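Single-structure report; data block below.
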Amino acid sequence: MELTAISAIDAVDSAQWNALIGSSNPFLRHEFLSALERHGVVSADNGWVAQHLALWDGDTLVAAAPAYLKGNSWGEFVFDFAWAHAYERNGLNYYPKLVIAVPYSPVTGPRMLYHGDYPIAELQQTLADGACQLARNQDLSSVHWLFTDAQTTQALQANGYSLRSGCQYHWRNAGYADFEEFLAGMSSKKRKNIRRERRLVSDQGIHLSTLHGHETTEALWQQLHAFYEKTFYEHGNLPVITQACFAELAETLGDRLVVFLAQANDTPVAAAICLRSDDTLYGRYWGCARDYDGLHFEACYYQGIEYCIANGIDRYEPGAQGEHKVARGFLPVLTHSAHHLEDERFQSAVDDFLARERPAIAQWASDLTQQGPYRAEVLEHLPRD
């Protein structure tokens with residue numbers, strides 16, 4: 001078998017890539033990764049250069065990982081700026097580095113994709129070792145696997161990578177019949193606050209509806225992209241997803257792309273754009289024409305919860321960060337990444353830091369869960385990771 005580095009996802013047959021176990025996750029599908037590259041979302045100008053790992057047995061793709069040479073640390077959501085600054089203070093180059101991740105998408109999922117007819121343990125070791133070898137061959141400082149699922153995390157730890165923990169806030173479906181049953185498990189104060197926030201939206205004459213990718217139009221994407229750009233700029237962020245990229249994802253992903261559209265007097269005023277797998281809804285992009293009281297919470301949180309309940313979806317991941325999500329039913333969940341630094345001195349320093357950081361984050365998540373919105377007898381029986 002031969003491990004190669006691919007500089008464009010379109011160099012790999014889409015059917016072969018999507019046939020690998022794990023690529024049912026929408027962010028790992030060939031269509032998603034290809035759209036990011038061809039529309040310039042992933043580009044050298046943005047600090048992402050494709051270098052996908054592909055393991056071949058003759059003409060058969062048997063394993064792969066979405067990998068990128070990074071010239072900065074933006075769009076990763078696992079913050080290593082302090083590590084980069086330490087390199088710089090010591091006269092060393094931290095960039096470029098190798099990142100195995102989904103660009104601009106802090107979503108947990110497989111990072112090693114496999115062909116079902118081959119021994120998984122051998123494929124895992126080949127990809128883990130191959131990433132480090134690629135770093136050495138190209139004189140890269142380090143290798144970083146971001147937002148890894150449990151299987152990938154265990155494989156990387158077994159192959160000598162250092163593990164790092166983070167924290168996000170996810171909602172889990174306890175088999176609720178409707179939104180009111182979900183609210184019934186919360187404290188009275190939290191129930192009242194959520195109902196008040198939802199009334200604020202309806203009292204402003206705003207109506208929410210749900211569209212899937214195949215139900216959207218070019219004209220609608222023009223409006224939604226304008227909302228997205230405006231909101232990103234107002235928060236000091238760069239809106240890297242183009243209108244054409246959004247429209248293509250809607251076409252190629254179909255019902256895997258979900259839009260919660262807010263309208264006032266039949267005119268779109270805001271939208272939350274999500275992706276979904278069979279069991280998880282992922283909140284990704286939000287934009288609005290102007291601020292409306294409570295609308296962000298309604299479009300980005302409550303509409304997603306209702307959608308999961310109605311469609312039997314187990315989990316809702318609304319995006320990175322945001323402790324305010326806890327009061328709205330989202331509980332802390334540990335996320336994971338794995339790291340290898342070529343310089344042994346810096347690897348030792350990072351290991352020492354991570355050994356202190358991991359238990360602190362775990363304790364933070366535990367404390368926040370206990371202080372959350374659910375009644376104690378309900379919290380005890382909620383689905384947990």
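Looking at Ala327, Ala299, Ala289, which one is within 19 Å of Ser209 (Cβ to Cβ), among the hydrophobic types (A, V, I, L, M, F, W, C) and touching a helix residue (DSSP H, G or I) at 6+ places or on another chain (Cβ under 7 Å)? When all the criteria are applied, what remains is Ala289. Considering the range 310-330, and only residues there that are surrounded by fewer than 18 Cβ atoms within 10 Å (Cβ to Cβ) and within 16 Å of the chain's Cα centre (by Cα), the residue that is nearest to Tyr282 (Cα to Cα) turns out to be Ala320.
The combined condition, being touching a strand residue (DSSP E or B) at 6+ places or on another chain (Cβ under 8 Å) and among the aromatic types (Phe, Trp, Tyr), is fulfilled by Tyr95.
Would you mind stating whether Ala349 is surrounded by fewer than 18 Cβ atoms within 10 Å (Cβ to Cβ), under 19 Å from Thr153 (Cα atoms), in contact (Cβ under 8 Å) with a residue 40 or more places away in the chain and out of contact with any strand residue (DSSP E or B) (no Cβ under 6 Å at 6 or more places or on another chain)?
On the way: surrounded by fewer than 18 Cβ atoms within 10 Å (Cβ to Cβ): yes; under 19 Å from Thr153 (Cα atoms): no; in contact (Cβ under 8 Å) with a residue 40 or more places away in the chain: yes; out of contact with any strand residue (DSSP E or B) (no Cβ under 6 Å at 6 or more places or on another chain): yes.
When the stated conditions are applied, Ala349 does not pass them.
Can you name every residue in the range 353-363 that is closer than 20 Å to Val326 by Cα and surrounded by 15 or more Cβ atoms within 10 Å (Cβ to Cβ)? Ile361, the sole residue that qualifies. Condition check for Arg290 on (1) over 25 Å from Leu238 (Cβ atoms); (2) surrounded by fewer than 15 Cβ atoms within 10 Å (Cβ to Cβ): one failure, at (1).
So, in the range 308-319, of the ones that are in contact with a strand residue (DSSP E or B) (Cβ under 6 Å, 6 or more places away or on another chain) and either in a helix (DSSP H, G or I) or modelled with pLDDT under 95 (or both), which residue ends up farthest from Gln263 (Cα to Cα)?
Initial filter on the range 308-319 (in contact with a strand residue (DSSP E or B) (Cβ under 6 Å, 6 or more places away or on another chain)): 308, 313, 315-319.
Subsequent filtering for residues that are either in a helix (DSSP H, G or I) or modelled with pLDDT under 95 (or both) retains 308, 319.
Values: Cys308: 21, Gly319: 23 Å.
Residue satisfying both the conditions and the ranking: Gly319.
Against the condition out of contact with any strand residue (DSSP E or B) (no Cβ under 8 Å at 6 or more places or on another chain), not aromatic (Phe, Trp, Tyr) and not in a strand (DSSP E or B), how does Leu220 come out, does it pass? Taking the combined requirement at face value, the residue does not satisfy it.
Of the strands (runs of 3 or more DSSP E) entirely within the range 29-95, those holding at least 1 residues that are buried (at least 17 other Cβ atoms within 10 Å of the Cβ) and among the hydroxyl-bearing types (Ser, Thr, Tyr) occupy 67-70.
The values are calculated or read from the model by the stated rules, or taken from the named source; none is laboratory data. Computed from a prediction, not measured in an experiment: that's the story for all the values here. Positions of Cβ are backbone-derived with ideal geometry, glycine not excepted, and every protein chain shown enters the neighbour counts.
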